[in-house]
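Here is the structure we will look at.
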Amino acid sequence: MSLKRKVWLWLGLLVGAILGVDLTIGYFKLDAELRTETEFDARTVYGFIMATRRVYQNQFIESGLPLNDKTLGFLPAHSLSRIAKDFSNWNDSGVLFNNVSDRPRNPGNLADAEEMAAINWFRQNPKSVERVERVEKTAGNGYLLYTAPIWLEQVCLKCHGERESAPASIRDNYDAAYGYQLGELRGVASVKIPTAKFDQRFREIWGTQVVKSLFGYAMLLLAVGYLLEKLVTQRIARLQAGAERIAEGDYATRLTIDNEDEICQLAVAFNQMAEGVQSREQALTKLSQAVEQSPDSIVITDLQGNIEYVNACFVENTGYSFEEAQGKNPRMLQSGRTPPATFEAMWAALKSGKGWQGEFINRRKDGSEYVEFVNIAPIRQPDGRVSHYLAVKQDITEQKRIGSELDAHRHNLEQLVASRTAELSEARQRADEANHAKSDFLANMSHEIRTPLNAINGMAYLIRRDGLPLSRWRGSTNWKHPASTCWKPSTRCSICPKSKLAKWFSSKLISVSARWSTRFASCQLIGQPASNCD
């Protein structure tokens, strides 16, 4: 049942209950009011009866009229019954009144059964001043009986005391109703009001009140229903529509805030919730896309290892669709080549609440094998309880193959490096040997060259000290002077001092020695005999 129908139903039941209570209270209240009004009318008639009795009885006694058939009607006890009969000619209410007794002198004043019961009741309850009861004779012929006691007063004893003291006219005409005492119950004043009139008036008033109540409560129901419809139901319906749009994926849905009451505050909270849902949905969408488009296989299982989710990479790597994998155990991928100790270590870690990582050799749906690196971690709820397991699996078959090839290349490279290292060591050894030979040669050459140079230096020193005749220079076949002027006997040569000649000769010897030693060292480095370097 919709909220709108529930609101109208409960509102109708509430208004109906209030109407029922109101009508019930109104019914009894109206009955009590009419009864009170009727009793008030009865008391009024009772007051009229008692006032008439007292006034006319005293008046009759004081007048001294003789009591005979003509004057007897003046007595209130005799006249009231006739007045009550004639009252109906002037009033259609149907009210009957009289003073009655269980020992009347007038037969018309004899109490009936209900009035006799009232007389006996007043005798038992002398302090009571009135009695009201509803008498139902036949259907629709009942009446409300009002009775009040008539106690003997001092004036009453003149006629109802001792017979000897009663007026002669009374003593001669009546043989009963003597011997009463002061304050004794003589009878009751009886007022009978027909209930037919009472019931008719009750129905008229009650019917009018019911119609007014029905109309008033109907208008109240419509007014309250309209307010509830406008202020509550319609706005809650908008909240419901907004929630349904959000449930359908329209996270941009927002409600209009046009007030500051509780429902508008609920709408504000709804908008805040929608913003939070939209933000979380965007984050979840990103996360879902990242998980679904991950280059690694992602598997989520329950605590028994039954698969609840796999991403697209898992489907591509294994060949099993999501429907085929859902509810199955990952052991369907086992190839039998993974060591049992691996699975034992994995479950030991997971059951202790820890993560685990390692390698599996699995088999695809088409039967081909592949190696994957697996990282499994428990998923915990906010209370710390483990509810699922998350496995991130990477296919490392190609990496394994490339690693094997790299290991082979590395081994070959190590062998090549070792071979080259040995060759370089050998070459270095030969170079060291050549270097030692060069050092030995240079040492020998240095010794051999220094010996003649010492002589040359000595010769040069002697030439610089004593000089050499120019004729001796001219006789040298290997010397050519650049200037002809020095041959003149009278001219001293300015460019051929003894020091310059010695320096030139020394430099020539050193240059020749250096070239020869260098050539000898080169022959030693390339492994040629020194005789080939001459």
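Quick notes on this one:
- Among residues of region 408-441 being closer than 30 Å to E372 by Cα and of a type in the set (A, V, I, L, M), the one that is farthest from the chain's Cα centre (by Cα) is L413.
- Failed item in (1) out of contact with any strand residue (DSSP E or B) (no Cβ under 8 Å at 6 or more places or on another chain); (2) farther than 22 Å from D199 by Cβ; (3) crowded, with 16+ Cβ neighbours inside 10 Å; (4) in contact (Cβ under 8 Å) with a residue 40 or more places away in the chain, with Y56 passing the rest: (4)
- Any hit, region 291-303, residues being open to solvent by 60 Å² or more (accessible area, probe 1.4 Å) and within 30 Å of T253 (Cβ to Cβ): yes
- Filter result (in a helix (DSSP H, G or I) and open to solvent by 50 Å² or more (accessible area, probe 1.4 Å)) within region 62-75: E62, S63, F74
- For region 381-432, a residue qualifies if it is within 30 Å of D302 (Cβ to Cβ) and touching a residue at least 24 places away in the same chain (Cβ under 8 Å), and the qualifying residues are V386, S387, H388, Y389, L390, A391, V392, K393, Q394, D395, I396, T397.
- Selection count, region 127-175, where residues are closer than 19 Å to P194 by Cβ, open to solvent by 50 Å² or more (accessible area, probe 1.4 Å), among the hydrophobic types (A, V, I, L, M, F, W, C) and in a strand (DSSP E or B): 0
- Out of R363, R380, R337, sole residue that is loosely packed, with under 13 Cβ neighbours inside 10 Å, under 26 Å from V315 (Cβ atoms) and of a type outside the set (A, V, I, L, M): R337
- Residues located in region 18-49, provided they are farther than 20 Å from Y143 by Cβ, open to solvent by 50 Å² or more (accessible area, probe 1.4 Å) and touching a residue at least 24 places away in the same chain (Cβ under 8 Å): I18, D22, Y27
- Entry remark, region 76-93: residues being part of a helix (DSSP H, G or I), under 17 Å from K192 (Cβ atoms) and not hydroxyl-bearing (S, T, Y) number 7 in total.
- The set of residues in region 214-234 being of a type in the set (S, T, N, Q) and open to solvent by less than 50 Å² (accessible area, probe 1.4 Å) consists of T233 alone.
- Pairs meeting the criteria (first residue in region 329-357 and at negative phi, second residue of a type in the set (G, A, S) and outside any helix (DSSP H, G or I), beta carbons under 6 Å, at least 6 apart or on different chains) are N329/G305; T342/G358; G355/A377.
- Selection status of L9, within 30 Å of V211 (Cβ to Cβ), modelled with pLDDT under 85 and exposed (fewer than 12 other Cβ atoms within 10 Å of the Cβ): yes
- The set of residues in region 78-126 being aromatic (F, W, Y) and farther than 17 Å from Y46 by Cα consists of W90, W121.
- Looking only at residues in region 171-218 that are among the basic types (K, R) and over 30 Å from V155 (Cα atoms), the one that is farthest from the chain's Cα centre (by Cα) is K197.
- Within region 235-276, the residues that satisfy the criterion of being open to solvent by 40 Å² or more (accessible area, probe 1.4 Å) and either in contact with a strand residue (DSSP E or B) (Cβ under 7 Å, 6 or more places away or on another chain) or polar (S, T, N, Q) (or both) are Q240, T256, N259, Q265, Q272.
- Test: residue in region 391-407 that is under 60 Å from the mean Cα position of the chain (by Cα), charged (D, E, K, R) and open to solvent by less than 70 Å² (accessible area, probe 1.4 Å): yes
- Scanning region 247-272 for residues that are over 18 Å from Q234 (Cβ atoms) and modelled with pLDDT under 80 gives G249, Y251.
- Residue list for region 307-333, filter: in contact with a Lys or Arg (Cβ under 7 Å, 6 or more places away or on another chain) and of a type outside the set (G, A, S): I307, T318, Y320, L333
- Candidate set from region 176-195 (those that are open to solvent by less than 30 Å² (accessible area, probe 1.4 Å) and polar (S, T, N, Q)); member that is modelled with the highest pLDDT: S190
- Set S101, S88, S81: member being of a type in the set (S, T, Y), without any contact (Cβ under 8 Å) to a residue 40 or more places away in the chain and under 14 Å from S190 (Cα atoms): S81
The values are calculated or read from the model by the stated rules, or taken from the named source; none is laboratory data. Please read these numbers as outputs of a predicted model, since none were measured by experiment. No Cβ is skipped: glycine too gets one built from the backbone with ideal geometry, and neighbour counts run over all protein chains shown. Quick note on the areas: whole protein, heavy atoms, side chains included, nothing else; ligands and nucleic acids left out. Shrake-Rupley method; radii C 1.70, N 1.55, O 1.52, S 1.80 Å.
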